[in-house]
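Engineer: Quick one: the structure is below, questions incoming.
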Amino acid sequence: MESFHTLTAIAAPLPGANIDTDIIFPARFLLITAKRGLRRYAFYEWRYAADGAPIAEFVLNRPAYQGAEILVAGDNFGCGSSREQACWTLRDAGIRAVISTSFGEIFRANCCKNGIVPVTVSPEVLQALLDDAARGEVLTVDLESQVVVRSNSERIGFLLEGWRREALLNGWDEVDLILNSSTAAIAAHEARARRASPWLFEGD
Amino acid sequence: MASTLYEKLWAAHEVEASPDGVSLLYIDRSLIHEVSSPQAFEGLRAAGRGVRRPQAHLAVADHAVPTRDRGRPIADPLAREQVALLAANAKAFHIRHLGLHDPRQGIVHVIGPELGFTLPGMTLVCGDSHTSTHGAFGALAFGIGASECECVLATQTLRQTRAKTLRLRITGALGLGVTAKDLTLSVVAALGATGGVGYAIEYCGETVDGLSMEGRMTLCNMSIEAGARMGLIAPDETTFAYLKGRPMAPAGASWDAAVEAWRALRSDASAVFDRTLDLDAGAIAPRVTWGTSPDQSAPVTGAAPDPAQAASEADRRKIARALDYMGLAPGERLEGLAIDNVFIGSCTNGRIEDLRAAAGVARRGRVDARVTAIVVPGSGAVKRQAEAEGLDRIFREAGFEWRDPGCSLCVAMNNDRLEPGKRCASTSNRNFEGRQGIGARTHLMSPAMAAAAALAGHITDVRQASR
């Protein structure tokens, strides 16, 4: 996974609560089995009219937000379906950080596996950051210090669980980590579980 | 120390624990479908990794499969390739796979329980948010992304942060015509779309005790719509009776030992939950969603809200946007709203009990001439059972289409899709914008309510229709 330290970038505002992963990546594109090259499907129904023409007002179509690497979004961003395509399409579209008051939990976990930092802030802070983004001001997301820095230099702290933060800072692949450090513990657990619940291992 | 059911399940699966509540959790089993697995298998290949315990997984295609013309190859080349890729990956990694023509094929969350693959006390995951369904058996079950699917295939573990616990106690008798679906829509409305974020919900109380396994699965299924990745119900005699004799459930002495262990799977009387909430089932009417988030619902006798009355500007905007998408006026009554389509099925309401309830209404009339209504059984087993009971005949004679099992119009990834602007009475779980097709308008409700809407041609109170 690509590591993340600090990023100063244009932030696109997406106010409105409950932007679900069906909106981020519509279901009909889920037939595509590739993980890369999904950029054009991000927010497809919001970005393109039925005839395929870009909808000029949609924030990610506006010239000022070309090159945006941060999304500032309404409450419960990424709720709904577990589809990781929602993260792949955002990452492919250049997004490295998403800021909201809360996230769909599976989406949030998926972000952390794909080099995207989920930043949780209070409703008041979110409103301030939405306003900043609407004015086209850049934001800085500093994962090392766990702060968002506004263009007026105000620093806003946020928290990410230690293990997720470390993985993002170092670009670690979680499967490698587990295989390298925990294989013996997994085998020991399996031996215990086989004795305690042998019916779960029938057929192994 | 007294523990909740969630804490017991968590502790029993900790491979490595840390004081901050982050543990490496052992995953006993996983269900695999065609949409969230290709990239996981590709990841294994790219890293030269194998599957740690092939027997711990069960693969089946459900999302992309057509629900008719199963005798022919899948028409859509992308869907055909995706379904074929699942079969090829399962074969390459020695994972059990139920093909499109296997009589056991069906929606992951329907077949897991009916095969006895889902059992109390286990951890179970799937690259699908409605994996919360399996919590109805007292299993710690949650949806994950494709990267986590890969992690489970390779290591049989996941690193997880322990959830907070929410006890939702439901008491009182459900009224006539009121079902588990109405209960879960009420729960989601009470908690809101984010009320369950960070929590594992344990449902308990006399109403839950009285529910069948089908009803309990419906209840746990939609926990995710309140933001909770997990719903849980302590296993009891109803659970054991459902599981006994299922093909993949333990048998003989193994069954007896399992049941004895499963009896301990309940929250201790003095266990402390992070949050508790009580709900009176007797006060619940059949419910219908009016908006584009599953928490936006009202009793069928009610109306869409008026954004002008909203508590905050943010709420006003949220309601106004939803009403605009749904083509509803502020304060518009739900009863009488003309519908174009009816969908009966999904991992929420595609089980035999759901089809019985819908058929019970369908037998009293004919589908309105303006309405297209489809019934999609949750699995091959559900379909055969329904046909043995003559339900398919009731549906067909009433003018419903009787289809083959799959996710169908719940996710509209296959060729079952609604036209823009069409209004659908649906027994599925999500009324998101575009969920059933671009611009389609979804009203979530129970199977009996959806069947009643099909006959009436508009949303109607099944309690009135029953008289």
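The values are calculated or read from the model by the stated rules, or taken from the named source; none is laboratory data. Since the structure is predicted, the reported quantities are computational estimates derived from the model, not experimental observations. Heads up, the Cβs are rebuilt from the backbone with ideal geometry, glycines too, and the neighbour counts pull from every protein chain shown. Surface accessibility is based on the protein's heavy atoms, side chains included, excluding ligands, DNA and RNA. Shrake-Rupley method; radii C 1.70, N 1.55, O 1.52, S 1.80 Å.
Engineer: Take the residues in the range B:155-167 that are open to solvent by less than 30 Å² (accessible area, probe 1.4 Å) and in contact with a Gly (Cβ under 8 Å, 6 or more places away or on another chain), then tell me which one is nearest to the other protein chains (Cβ to nearest Cβ).
Structural biologist: Restricting attention to the range B:155-167, the residues satisfying the condition of being open to solvent by less than 30 Å² (accessible area, probe 1.4 Å) are B:155-158, B:160, B:163, B:165-166.
Add one more test, that the residue is in contact with a Gly (Cβ under 8 Å, 6 or more places away or on another chain), and what stays is B:163, B:166.
Details: B:163: 9, B:166: 14 Å.
Selected residue: B:163.
Engineer: Report yes if residue A:84 is without any contact (Cβ under 8 Å) to a residue 60 or more places away in the chain, touching a helix residue (DSSP H, G or I) at 6+ places or on another chain (Cβ under 9 Å), under 25 Å from residue B:432 (Cβ atoms) and among the acidic types (Asp, Glu), otherwise no. Lay out the reasoning, then the answer.
Structural biologist: Numbers: without any contact (Cβ under 8 Å) to a residue 60 or more places away in the chain: yes; touching a helix residue (DSSP H, G or I) at 6+ places or on another chain (Cβ under 9 Å): yes; under 25 Å from residue B:432 (Cβ atoms): yes; among the acidic types (Asp, Glu): yes.
In short, yes.
Engineer: Among the candidates B:202, B:150, which residue alone is more than 7 Å from chain A (Cβ to nearest Cβ), open to solvent by 10 Å² or more (accessible area, probe 1.4 Å) and of a type in the set (D, E, K, R)?
Structural biologist: On the way: B:150 fails: more than 7 Å from chain A (Cβ to nearest Cβ).
Going through B:202, B:150 in turn, the sole match is B:202.
This table checks each residue for (1) surrounded by 18 or more Cβ atoms within 10 Å (Cβ to Cβ); (2) among the polar types (S, T, N, Q); (3) within 7 Å of chain B (Cβ to nearest Cβ); (4) more than 11 Å from residue B:156 (Cβ to Cβ).
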position: A:170; (1), (2), (3), (4): no, yes, no, yes
position: A:177; (1), (2), (3), (4): yes, no, no, yes
position: A:180; (1), (2), (3), (4): no, yes, no, yes
position: A:189; (1), (2), (3), (4): yes, no, yes, no
position: A:201; (1), (2), (3), (4): no, no, no, yes
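Engineer: Which residue out of B:264, B:253, B:258 is small (Gly, Ala, Ser) and assigned to a loop (DSSP other than H, G, I, E, B)?
Structural biologist: B:264
Engineer: From the list A:21, A:6, which one is at pLDDT 95 or above, surrounded by 16 or more Cβ atoms within 10 Å (Cβ to Cβ), in contact with a strand residue (DSSP E or B) (Cβ under 8 Å, 6 or more places away or on another chain) and of a type outside the set (A, V, I, L, M, F, W, C)?
Structural biologist: Details: A:6 fails: surrounded by 16 or more Cβ atoms within 10 Å (Cβ to Cβ).
Being at pLDDT 95 or above, surrounded by 16 or more Cβ atoms within 10 Å (Cβ to Cβ), in contact with a strand residue (DSSP E or B) (Cβ under 8 Å, 6 or more places away or on another chain) and of a type outside the set (A, V, I, L, M, F, W, C) holds for just one of A:21, A:6, which is A:21.
Engineer: When the residues of the range B:117-147 are filtered to those that are among the polar types (S, T, N, Q) and within 7 Å of chain A (Cβ to nearest Cβ), which remaining residue is surrounded by the most Cβ atoms within 10 Å (Cβ to Cβ)? Please lay out each step first, then the result.
Structural biologist: The first filter runs over the range B:117-147 and keeps only residues among the polar types (S, T, N, Q), leaving B:118, B:123, B:129, B:131-133, B:147.
Subset that is within 7 Å of chain A (Cβ to nearest Cβ): B:129, B:147.
On the way: B:129: 27, B:147: 25.
Applying the filter and picking the extreme gives B:129.
Engineer: Considering only the range B:230-250, state which residues are more than 11 Å from chain A (Cβ to nearest Cβ) and assigned to a loop (DSSP other than H, G, I, E, B).
Structural biologist: B:233, B:234, B:235, B:236, B:244, B:245, B:246, B:247
Engineer: Which count do you get for residues in the range A:33-45 that are open to solvent by less than 50 Å² (accessible area, probe 1.4 Å), within 10 Å of chain B (Cβ to nearest Cβ) and touching a residue at least 12 places away in the same chain (Cβ under 8 Å)?
Structural biologist: 1
Engineer: What about residue A:105, is it free of Cβ contacts under 8 Å to residues at least 24 places away in the same chain, within 8 Å of another protein chain (Cβ to nearest Cβ) and surrounded by 24 or more Cβ atoms within 10 Å (Cβ to Cβ)?
Structural biologist: On the way: free of Cβ contacts under 8 Å to residues at least 24 places away in the same chain: yes; within 8 Å of another protein chain (Cβ to nearest Cβ): yes; surrounded by 24 or more Cβ atoms within 10 Å (Cβ to Cβ): yes.
In short, yes.
Engineer: Would you confirm whether any residue within the range B:59-77 is more than 11 Å from chain A (Cβ to nearest Cβ), part of a strand (DSSP E or B) and not aromatic (Phe, Trp, Tyr)?
Structural biologist: Filtering the range B:59-77 for residues more than 11 Å from chain A (Cβ to nearest Cβ) gives B:59-62, B:65-73, B:75.
Checking which are part of a strand (DSSP E or B) leaves us with B:59-60.
If we keep only those that are not aromatic (Phe, Trp, Tyr) too, we end up with B:59-60.
Yes: one or more hits.
Engineer: Which ones in the range B:415-450 are in contact with a His (Cβ under 8 Å, 6 or more places away or on another chain) and either part of a loop (DSSP other than H, G, I, E, B) or open to solvent by 10 Å² or more (accessible area, probe 1.4 Å) (or both)? Give the steps one after another, and end with the answer.
Structural biologist: Start the filter on the range B:415-450 by keeping residues that are in contact with a His (Cβ under 8 Å, 6 or more places away or on another chain), which leaves B:423-426, B:429, B:431.
Of everything in the range B:415-450, those that are in contact with a His (Cβ under 8 Å, 6 or more places away or on another chain) and either part of a loop (DSSP other than H, G, I, E, B) or open to solvent by 10 Å² or more (accessible area, probe 1.4 Å) (or both) turn out to be B:423, B:429, B:431.
Engineer: A follow-up question, please. Just give me the residues in the range A:46-65 being closer than 24 Å to residue A:121 by Cβ and within 12 Å of another protein chain (Cβ to nearest Cβ), in sequence order.
Structural biologist: Of the range A:46-65, the ones closer than 24 Å to residue A:121 by Cβ are A:46, A:58-60, A:62, A:64-65.
Result: A:46, single match.
Engineer: Select, from A:17, A:11, the only residue that is in contact (Cβ under 8 Å) with a residue 12 or more places away in the chain and in a loop (DSSP other than H, G, I, E, B). Before you say what the answer is, go through the steps one by one.
Structural biologist: Working: A:11 fails: in a loop (DSSP other than H, G, I, E, B).
Step by step, each of A:17, A:11 is checked, and only A:17 is in contact (Cβ under 8 Å) with a residue 12 or more places away in the chain and in a loop (DSSP other than H, G, I, E, B).
Engineer: Can you name the helices (runs of 4 or more DSSP H) wholly within the range A:100-192 that have at least 2 residues being small (Gly, Ala, Ser) and farther than 28 Å from residue B:148 by Cα?
Structural biologist: Values: elements: A:105-112, A:123-134, A:162-170.
Because the criterion is at least 2 residues that are small (Gly, Ala, Ser) and farther than 28 Å from residue B:148 by Cα, the helices (runs of 4 or more DSSP H) in the range A:100-192 that meet it are A:123-134.
Engineer: Of the residues A:143, A:160, which is within 17 Å of the chain's Cα centre (by Cα), modelled with pLDDT of 95 or more, within 14 Å of chain B (Cβ to nearest Cβ) and under 13 Å from residue A:98 (Cα atoms)? Even if it seems obvious, please write down each step before you answer.
Structural biologist: Numbers: A:143 fails: within 14 Å of chain B (Cβ to nearest Cβ).
It is A:160.
Engineer: A further question follows. Residues to consider are B:381, B:373, B:412, B:386; find the one that is open to solvent by less than 10 Å² (accessible area, probe 1.4 Å), in a helix (DSSP H, G or I), touching a residue at least 12 places away in the same chain (Cβ under 8 Å) and not assigned by TED's automatic domain parsing to the domain that holds residue B:74. Quick ask: steps written out before the conclusion?
Structural biologist: Numbers: B:381 fails: open to solvent by less than 10 Å² (accessible area, probe 1.4 Å); B:373 fails: in a helix (DSSP H, G or I); B:412 fails: in a helix (DSSP H, G or I).
From the options B:381, B:373, B:412, B:386, the qualifying one is B:386.
Engineer: OK, next. Does residue A:68 satisfy the criteria of being of a type in the set (A, V, I, L, M, F, W, C), away from every other protein chain (no Cβ under 14 Å), without any contact (Cβ under 8 Å) to a residue 40 or more places away in the chain and not in a strand (DSSP E or B)? Walk me through how you get there before you give the answer.
Structural biologist: On the way: of a type in the set (A, V, I, L, M, F, W, C): yes; away from every other protein chain (no Cβ under 14 Å): yes; without any contact (Cβ under 8 Å) to a residue 40 or more places away in the chain: no; not in a strand (DSSP E or B): yes.
Spelling it out, it is not the case that residue A:68 is of a type in the set (A, V, I, L, M, F, W, C), away from every other protein chain (no Cβ under 14 Å), without any contact (Cβ under 8 Å) to a residue 40 or more places away in the chain and not in a strand (DSSP E or B).
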